[in-house]
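The values are calculated or read from the model by the stated rules, or taken from the named source; none is laboratory data. Because the structure is predicted, anything quoted here is derived from the model rather than measured. Cβ placement follows ideal geometry from the backbone for every residue including glycine, while neighbour counts extend to all protein chains displayed. For the accessible areas, the whole protein counts, side chains as well, though only heavy atoms, and no ligand, DNA or RNA atoms are used. Shrake-Rupley method; radii C 1.70, N 1.55, O 1.52, S 1.80 Å.
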Amino acid sequence: MAYYNNSPTFDTKEHGSHPPYDDVEGYNNPAAEHRRGPTQSDLLKRALSARQVQMIAIGGTIGTGLFLGTGKSLATGGPASMLIAYAIVGAIVFTTMLSLGEMAAFVPVAGSFCTFAGRFVDDAFGFALTWNYWFNDAVSTAADLVALQLLLQYWTETDKFPGYALSLIFWAVLIAANIITVRAYGELEYWLSLLKVITIVVFIIMSIVVNCGGNVDHMYIGGKYWHLPDAPFVGGIGGFASVFVTASFAYGGTESIAITAGETKNPTKNLPRVVKNVFWRILLFYLLSVLLIGLNVPYNYPDLNTKTTQTSPFTIVFQMTGAHAAGSVINAVIMTSVISAGNHALFAGTRLLYTLSVEGHAPKVFGKLNRNQVPWVAVLATSFVAGLCFGSSFIGAGQLWNWLQNIVGVSNQLSWIAIGITSLRFRAALAVQGKTHLLPFKNWTYPVGPWLCVILNSVIILVQGWSCFSPKFDGVSFVSYYIELPIMLLMYVVWKVIKRTKTVGLAEMDLETDTYTAEDKVEDVATGWKGKAKVVLSWLF
């Protein structure tokens, strides 16, 4: 839990003894000080506009999981397994986001669900989860930089232009974008996310055209690739189970949009909108794209998933149109999308390391802010771990990307389980303290949604590594699937024993610090049919 702190980690040479709190909502309001004075975790500058947050929520985390991961899913599980697994994980993510949105709108701090885990469950639980998710974001950044190397292979062989050189260039670009100011991150992410949204919309249109006969063979494709030998369920139960970790990797980062809560203007109004947009993003961007990929690309397409190469199904579909430059154009666009996803992962990981620092779970140096209130030391530390991407020079970019993808996918699932548990505790405490009515946004799936999130994710984590054991045991893949489980458990136990932490009681749970209640939420009042229509549309968009 974060306590009031005059930010000794802030560079004070040019600002006197106190950091500029003007951007900390509620600080200059005397009537609000008793309820949400400036804690250390609320000192980040609220510079992300509603425009930026909305677009980041829609397209910010769309990256290698969708553009490259679908190729692996199709090759290992087939079109039907891929569609079903992505639908199931999509439903889990939506219920998770409703639970998280409810908490983040009420307590909009930079640590988001990691802070909530320590505050609403147990400090040891929050410690283990935050370190796990920080590592998740750092590895995600590395995976995205490795993906750039795979996409580069579309144009040239690695012996002619080393892939690690491209990763090095954009590694430096991401560090610069995140260390200067949050506005630089927000604006870069806005335009890259917008480009991704446009790309997916164009892909959907072109996929329909290709399937209906607008391809180089002038042939109606329909669902013929679902009737290939072994399709549509390739690899049986093992192939089906293996798709879940890839789907979790693809959806991963959706929950991290709540981490921007600490730097979002009017969080009680903007965060609920962000959560509602998740449903349409899942339906239109993920499920529709996955369906069309399964219809247009055969699961046995060459180089769809090998140890040295990965081919994006998006690039394949555009090649099928017959336009010579189409494949190169979409491959270049996908590269910008991968950069965007890496940018978002580095941002989220940085904020989590900052949170670990200010809550005493990491060295204080990581909480140091620059003049633009950006945790610059945390940026450098997180980007350093992302240097894992350069390991591709020794083990092959395709193989390394698969391993990193498995690690991140499982880490995402553990985070979703934690959000479900935290949500159940949070709502129980609100009921005990009689504060449920203060929620500016309510999760309409409670309590079924959080319970489903916990149970389904737990089952998926246990079965998705089926392919490690059949037809023969694969030790390296086994480690990539399950290494997160003992590590997170060990971190929880060690911190609990050393610090002698206890589960937070429902009656004693802090539901005051940094809160933004329904009373703070400014609603636009409208009457008549226009007002009713606006209410309905607000729930959709």
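A few points about this structure:
- Yes/no for ALA323 being surrounded by fewer than 21 Cβ atoms within 10 Å (Cβ to Cβ), at negative phi, small (Gly, Ala, Ser) and not in a helix (DSSP H, G or I): yes
- Residue within the range 241-259 that is surrounded by fewer than 23 Cβ atoms within 10 Å (Cβ to Cβ) and modelled with pLDDT of 75 or more present: yes
Okay, residues lined up against (1) in contact (Cβ under 8 Å) with a residue 12 or more places away in the chain; (2) in a helix (DSSP H, G or I); (3) hydrophobic (A, V, I, L, M, F, W, C):
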position	(1), (2), (3)
ALA418	yes, yes, yes
ILE421	yes, yes, yes
LEU424	yes, yes, yes
ASN443	yes, no, no
TYR446	yes, no, no
VAL479	no, yes, yes
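- Exactly one residue out of ALA105, ALA143, ALA117, ALA91 is of a type in the set (Gly, Ala, Ser) and farther than 30 Å from TRP444 by Cβ, and it is ALA143.
- Of all residues making up the range 492-541, the number that are modelled with pLDDT under 85 and in a helix (DSSP H, G or I): 16
- Residue selected from the range 85-122 under the condition of a type in the set (Phe, Trp, Tyr) and more than 17 Å from TRP134 (Cβ to Cβ), by the criterion most open to solvent (accessible area, probe 1.4 Å): PHE94
- Condition check for PHE473: free of Cβ contacts under 8 Å to residues at least 60 places away in the same chain, assigned to a loop (DSSP other than H, G, I, E, B) and either open to solvent by 50 Å² or more (accessible area, probe 1.4 Å) or closer than 18 Å to THR76 by Cβ (or both): yes
- Some residue of the range 343-356 being assigned to a helix (DSSP H, G or I) and more than 30 Å from PHE106 (Cβ to Cβ): no
- Within the option set TYR286, TYR299, TYR354, being crowded, with 20+ Cβ neighbours inside 10 Å, over 25 Å from PHE113 (Cβ atoms) and either out of contact with any Ser or Thr (no Cβ under 7 Å at 6 or more places or on another chain) or at pLDDT 90 or above (or both) holds for one residue only, TYR299.
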